[in-house]
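Below is one structure, written out as structure tokens; the observations come after it.
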Amino acid sequence: HSLVGFVMAFILALTAGSINYWLVGYNSEFGRYCFFIFNLFLSLTVAEGMMTLIASIIPILILAFAVAACLYGAFMVVMGFFIRLDNIGWWWRWMHYISLHSYSFSSFMINEFSGTEWPACPPVDGQPGTPAISGDQVLERYDYDQFNMWVNCGILVGMVIFYRGATTLWQWKFHDARK
């Protein structure tokens, strides 16, 4: 099952990611595009692994979807984009470190903004323009300057191994074929 899931996740990452990458107008360097597809593939694989584990534990389809949606939503809130990590209460901060979104999104941000320069906007209708801004300033604003996108990829690979391994153990221990 995992092998088929990996192939399908790669096809999805390649097709949807390619369309979105060029349609949105992300950084046109080929290496950044390749990393975007790779990071999207890892993100989809981790999400599929987590959903497989949840579906193994909770056999009722609608309940498994509800639990997964709540978990994914909570992970998105604590990933550091909507609320900076230092503004998240200590009682929820631990979720930032187990959230796949924290690692994949920071890698997307680093890939897009690291080492770039965004031009200044000229004044319009008497309103002052905005000064030029570097991509590194954007990363500092969201505290993503402290992350390394390759370390994040390693963490995502570890999450894939953990979720697939936990699913295998759960299936082996608690499921039998006599239904």
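The table below gives the values:
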{"item": "Any pair with Cβ under 7 angstrom, 6 or more apart, that starts in segment 117-140 at a residue that is farther than 26 Å from F105 by Cβ and modelled with pLDDT of 75 or more and ends at one that is open to solvent by less than 80 Å² (accessible area, probe 1.4 Å) and of a type in the set (V, I, T)", "result": "A120/T130"}
{"item": "Residue check for V138: part of a helix (DSSP H, G or I), open to solvent by 50 Å² or more (accessible area, probe 1.4 Å) and not acidic (D, E)", "result": "no"}
{"item": "Number of the exception - M76 against (1) open to solvent by 30 Å² or more (accessible area, probe 1.4 Å); (2) over 21 Å from M159 (Cβ atoms); (3) part of a helix (DSSP H, G or I)", "result": "(2)"}
{"item": "Number of positions in segment 81-100 that are more than 23 Å from G49 (Cα to Cα) and either surrounded by 14 or more Cβ atoms within 10 Å (Cβ to Cβ) or touching a Lys or Arg at 6+ places or on another chain (Cβ under 7 Å) (or both)", "result": "4"}
{"item": "Residue match in segment 93-106 (condition: more than 19 Å from S43 (Cβ to Cβ) and assigned to a helix (DSSP H, G or I))", "result": "yes"}
{"item": "Within segment 19-73, tally of residues that are without any contact (Cβ under 8 Å) to a residue 24 or more places away in the chain and touching a helix residue (DSSP H, G or I) at 6+ places or on another chain (Cβ under 7 Å)", "result": "9"}
{"item": "Residue list for segment 1-49, restricted to those being surrounded by 15 or more Cβ atoms within 10 Å (Cβ to Cβ), assigned to a helix (DSSP H, G or I), of a type outside the set (A, V, I, L, M, F, W, C) and touching a Phe, Trp or Tyr at 6+ places or on another chain (Cβ under 9 Å)", "result": "G17, Y21, R32, Y33, N39, S43, T45, E48, G49"}
{"item": "Filtered residue count, segment 103-135, keeping only those that are touching a Gly at 6+ places or on another chain (Cβ under 9 Å) and open to solvent by 70 Å² or more (accessible area, probe 1.4 Å)", "result": "5"}
{"item": "Flag for A64 being surrounded by fewer than 20 Cβ atoms within 10 Å (Cβ to Cβ), out of contact with any Leu (no Cβ under 7 Å at 6 or more places or on another chain) and under 26 Å from V24 (Cα atoms)", "result": "no"}
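The values are calculated or read from the model by the stated rules, or taken from the named source; none is laboratory data. Here the structure is a predicted model, which means the values were calculated and not measured. Using ideal geometry, Cβ is built from the backbone for each residue, glycine included, and neighbour counts are taken over all protein chains shown. Remember, those area values only see protein heavy atoms, side chains included, never the ligands or the DNA or RNA. Shrake-Rupley method; radii C 1.70, N 1.55, O 1.52, S 1.80 Å.
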